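The values are calculated or read from the model by the stated rules, or taken from the named source; none is laboratory data. Here the structure is a predicted model, which means the values were calculated and not measured. Here the Cβ positions follow ideal geometry from the backbone for every residue, glycine too, while neighbour counts run over all protein chains shown. For the accessible areas, the whole protein counts, side chains as well, though only heavy atoms, and no ligand, DNA or RNA atoms are used. Shrake-Rupley method; radii C 1.70, N 1.55, O 1.52, S 1.80 Å.
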Amino acid sequence: MKTVVIAWGNTAKEQALKAADALSLLCGRDRELWVFGTEIKEKEFRSLPYSRILILEGFGNLYTGPGQYEEEFTRLIQEREVKLAVFPDSAKGEELAVKVSLNLGTAASLKIICIREEGEDLIMEKRVYGGNLEGCFRAPKSAFAMTFDKGSMEESREKGMPCIVRRQVLAKGTQELICCEKEELPPCDSLEHADCLVVAGRGAIAGDTLEMLKKLGHELEAGLGATRPAVLETILPYSSMIGMSGAITKPKLCIVFGVSGSIAFMIGVRNSRILAAVNNNPDAAVFKACDLGVVDEAEEFAAAFLDVVRERKGQL
Amino acid sequence: MEMKTDVRDQFRILICFKVVHDLDTVMEEDWRRAGDGNPDVSYTRTLLGCWDEAALETGLRLADQLRLSGRKAEVTALTVGEEIQEEMVQSLYGVKCDRVVFWECREDLRFSPEPIAAKIAAFVKGEGGFDLILTGWQAPVGDSGKLPWALAWYLGLPALAMVKEFYLRDNAVLAVSETEGWKRSYLCMKPMVCAVGNARYPYLRVPTLRERLAAGGKKIWVRTGKAETAKWEEERRVEQPEPRGFYRKTGERRCTLVQGKDTRERAEQLYEILKEEGAL
């Protein structure tokens, strides 16, 4: 079965390695990587675990004219008889996966946790019902596109000796959208890679609690995350959202304050080595899914814990 | 950059929403018994999908801005599904939706957003003249977030992800989208599909009693499959992934409650445990 991974931009290599890992349960080794971007250096891709790498050149802007990408990828998938096309786990990746799949006459599969073979069938697993259940689905028989779920992939350590080819795209770069202004959002530490996390829930945003948690995060050298309600009700950026719609993290230590424990959020922290929760409600669902629980007011406990951390650090 | 001014009389906004069950209140044993993918959620309340609620408020705010600038705006709220509560309909009319359309569909499309997108596309084509089509970013039960892209594909329209808000500049509508570390403002010159994500105003306004009473006489527009659109939809059916089984993944943690006579003592206790575990 021929598979292709499509990657772009500054993180193309990382995307390619993660997808290679996620596809490792599939037997076939006929795996291609199609990559495009402004400065694609061949040497970066020389040892990736793919049989062939196509560096695609001549595309227009992805964010104002995505149609040319749909057209070109559909044509290439048909021409090279690809069965499975994996797009990046980003908004644009999902858009392209859905549209390319529809061009191929199949429904795309997005946010897949794992894919494996069972006899002749491809079986995919994904979260459904707001993350409360995981479902197994048999993939379409015809060619289709998919994306993996964030946090379901590690970078592959496999090595390969791919044949690298540069190719000019045929699609015409038409502009469908007019972008008037563009502004880079402030960079933030990636929560996915943080060793320690302090997380604010809706019960920890009132008064000075959030400020306290920021200070605690600073003392613990921890990233500051938040639940969806907390992001929506504060000035915290979207990139600090943890859970099914945000970051899927795996820190050594995660301390959550004022979090009820809804499954959609817990999915984002359940891979923590140690998960501690602070909530004033002893019956909160979060206490059924953590290692250490503190029944207390978030603000008071955050202040006391911050004092303890500072004092103990001062003793060193 | 010079912007063209949109001089059309009426700006027509379609907001697509989904009525979902409150999954946080489903009992654990019901999840565990749901190996066939059909958990009993019938006893839970129904509500607007959270991203769809944000789409509704964002669309209504755009309509407010347009009206304030002297233009006419029309808001149609559309849902495809099995049922919608009368109370929800009255609330939507109360917050100044001009029309609430319910497309009854009893087919099991929980994991197949494409046929739902095809129905919405058929509605849009049948009605004609929408300037902007808003959807939420994603919704249970499928949790895939495919609908906005499929809808744009069926309609042949461009689409924007993670739309945060709209604003007016020189009488033109601009959509702000935040994706992949960049904030971009797009000009809404021609019809497009916008998937509302991290909205600036995520909660739907609450109608006053007076607004609710004023909306009392308004009826929902019920639409069932018409023969011509059914054929159009059928021709656009695509091969779907087939559900094979479901399971509940539960955490395997046992919580130890940190003891102490007061907050300070509990804080010290937690610190010591974390230190001992090598987490600090």
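Give me the extension gain from B:Asp24 to B:Tyr247: residue separation times 0.36 nm, minus the current Cα-Cα distance, reported in nm with one decimal.
Contour length minus the Cα-Cα distance gives 78.6 nm.
Hey, could you get me the Stokes-Einstein D for the stretch A:33-190, Kirkwood radius over alpha-carbon pairs, 4 °C and 1.567 mPa s, rounded to whole µm² s⁻¹?
74 µm²/s
Give me the angle, in degrees from 0 to 90, between the Cα long axis of helix A:67-79 and the longest principal axis of the Cα atoms of chain A, rounded to the nearest 10.
The answer is roughly 60 degrees.
Relative to the longest principal axis of chain B, what angle (0 to 90°, nearest 10) does the C-alpha long axis of helix B:263-276 take?
80 degrees
Taking a temperature of 25 °C and a viscosity of 0.890 mPa s, what whole-number D in µm²/s does Stokes-Einstein yield for the protein assembly as shown with Rh from Kirkwood over alpha carbon pairs? If you can, show how the numbers build up before the last one.
On the way: Rh = 25.5 Å.
So the translational diffusion coefficient is about 96 µm²/s.
Figure the gain on full extension for B:Trp182 and B:Asp262 (residue separation times 0.36 nm, minus the Cα-Cα span) and round it to one decimal in nm. Intermediate values should be presented prior to the final figure.
Numbers: separation 80, 0.36 × 80 = 28.80 nm, distance 4.59 nm.
Going from the current span to full extension adds 24.2 nm.
Antiparallel as a % of all DSSP beta bridges within the stretch A:39-152, to the nearest 5?
So the antiparallel bridges in the stretch A:39-152 amount to around 65 percent.
Which loop-located trypsin sites (Lys or Arg not before Pro) does the stretch B:212-280 contain, where loop means any DSSP state but H, G, I, E or B and the Cβ has at most 14 other Cβ atoms within 10 Å?
When the trypsin sites (Lys or Arg not before Pro) of the stretch B:212-280 are filtered for loop state and at most 14 Cβ neighbours within 10 Å, B:Lys219, B:Lys226, B:Arg237, B:Arg254, B:Lys261 remain.
Rounded to the nearest 5, what is the percent of antiparallel bridges among the DSSP beta bridges in the protein assembly as shown?
35 percent
Can you list, bin by bin at 5 Å, the percent of alpha carbon pairs in the stretch B:106-224, starting at 0?
2, 9, 16, 18, 18, 18, 12, 5, 1, 0
Could you give the accessible area per residue of the protein assembly as shown, probe 1.4 Å, as a whole number in Å²?
That works out to 43 Å² for each residue.
Could you tell me the largest-minus-smallest coordinate of the C-alpha atoms of the stretch A:213-316 on each of the three principal axes, in descending order and whole angstroms?
That gives 40, 30, 26 Å along the principal axes, largest extent first.
From the square roots a ≥ b ≥ c of the eigenvalues of the alpha-carbon gyration tensor of the stretch A:72-152, which class results: rounded (a/c under 1.5), prolate (a/b over b/c), or oblate?
oblate
Just the projected area, averaged over all directions, of the convex hull on the alpha carbon atoms of chain A: how many nm²?
18.9 nm²
Using Cα springs under 10 Å in a Gaussian network model of chain A, which residue among A:Glu120, A:Glu158, A:Glu181 shows the largest mean-square fluctuation?
Of A:Glu120, A:Glu158, A:Glu181, the most mobile in the Gaussian network model is A:Glu181.
Where a ≥ b ≥ c are the square roots of the eigenvalues of the C-alpha gyration tensor, would you call the stretch B:43-132 rounded, which needs a/c under 1.5, or, failing that, prolate if a/b is larger than b/c, or oblate?
Since a/c reaches 1.5 but b/c is at least a/b, the shape of the stretch B:43-132 is classed as oblate.
Counting other C-beta atoms within 10 Å, and keeping those with at most 10, which DSSP coil GluC sites (Glu not before Pro) do you find in the stretch B:178-279? If you can, show how the numbers build up before the last one.
Values: sites: B:Glu178, B:Glu180, B:Glu211, B:Glu228, B:Glu233, B:Glu234, B:Glu235, B:Glu239, B:Glu252, B:Glu265, B:Glu268, B:Glu272, B:Glu276, B:Glu277; in loops: B:Glu180, B:Glu252, B:Glu277.
Sparse-neighbourhood loop GluC sites (Glu not before Pro): B:Glu252.
PRE reach from A:Thr64 (point 7 Å along Cα→Cβ): which of the stretch B:184-215 fall under 14 Å by backbone N?
From the stretch B:184-215, the list is B:184-189.
Please report, as a whole percent, how much of the solvent-accessible surface of the stretch A:115-204 comes from carbon and sulfur atoms (probe radius 1.4 Å).
47 percent
Run down the lysines and flag those whose C-alpha is under 23 Å from the C-alpha of B:Lys249, throwing out any fewer than 8 positions away in its chain.
Filter leaves A:Lys111, A:Lys126, A:Lys150, A:Lys250, A:Lys252, A:Lys288.
Excluding B:Val176 itself, what net charge comes from residues whose Cβ is under 13 Å from its Cβ, given Lys and Arg +1 and Asp and Glu -1?
Its environment carries a net charge of +3.
Could you please report the charge total around A:Leu122, scoring K, R as +1 and D, E as -1 over all other residues with beta-carbon less than 15 angstrom from its beta-carbon?
Charge balance in the 15 Å sphere: 0.
On a C-alpha basis, how far is the centre of the stretch A:184-258 from the centre of the stretch A:134-148 in Å? Whole number, if you could?
33 Å
Run the paramagnetic zone check for B:Val206: 7 angstrom along Cα to Cβ, then residues of the stretch A:213-245 with backbone nitrogen under 18 Å.
A:233
Give, in whole angstrom and from largest to smallest, the semi-axes √(5λ) of the equivalent ellipsoid of the stretch B:66-117, with λ running over the eigenvalues of the Cα gyration tensor.
Over the Cα atoms of the stretch B:66-117, the semi-axes work out to 28, 15, 7 Å.
Roughly what angle does helix A:91-104 make with the longest principal axis of chain A, taking Cα atoms, 0 to 90 degrees, to the nearest 10?
It is inclined by approximately 40 degrees.
Kindly provide the helix-only [θ] at 222 nm of chain A, computed as the sum of -39,500 (n - 2.57) over DSSP H runs of four or more divided by all residues, to the nearest 500 deg cm²/dmol? Please report the intermediate quantities before stating the final value.
Values: 8 runs with 82 residues, N = 316.
Value at 222 nm, helices only: -7500 deg cm²/dmol.
With no solvent and one equal point scatterer per Cα, compute the Debye intensity ratio I(q)/I(0) for the stretch B:139-207 at 0.13, 0.20 Å⁻¹ and report its log10, rounded to two decimals.
Debye output, listed in q order: -0.43, -0.94.
Please state the shape class of the stretch B:182-225: rounded when a/c is under 1.5, otherwise prolate if a/b exceeds b/c and oblate if not, all from the C-alpha gyration tensor.
Because a/c hits 1.5 or more and a/b fails to exceed b/c, the stretch B:182-225 counts as oblate.
Enumerate the aspartates and glutamates that A:Lys18 could reach by cross-link, defined here as Cα to Cα under 18 Å, with residues fewer than 8 away along the same chain left out.
Answer for A:Lys18, where 18 Å is the Cα cut-off: A:Asp30, A:Glu32, A:Glu44, A:Asp89, A:Glu94, A:Glu125, A:Asp149, A:Glu154, A:Glu155, A:Glu158, A:Glu192, B:Glu180, listed by chain and number.
Could you state the principal axis extents of the C-alpha atoms in the stretch A:184-253, from the largest down, to the nearest angstrom?
Reported extents, whole Å, longest axis first: 29, 26, 24.
Summing both sides, how much accessible area is buried between A and B? Use a 1.4 Å probe and give Å² to the nearest 100. List each step's numbers first, then the result.
Values: alone 16720 and 17010 Å², together 25850 Å².
Buried: approximately 7900 Å² between B and A.
With a cut-off of at most 12 other beta carbons within 10 Å, and DSSP calling the residue loop, which GluC sites (Glu not before Pro) in the stretch A:30-98 qualify? Please list them.
In loop regions of the stretch A:30-98 (DSSP not H, G, I, E or B), the sparsely surrounded GluC sites (Glu not before Pro) are A:Glu39, A:Glu81.
Which whole number gives the average, over all residues in B:256-264, of C-beta atoms from other chains lying within 10 Å of the residue C-beta?
Average neighbour count from other chains, rounded to a whole number: 5.
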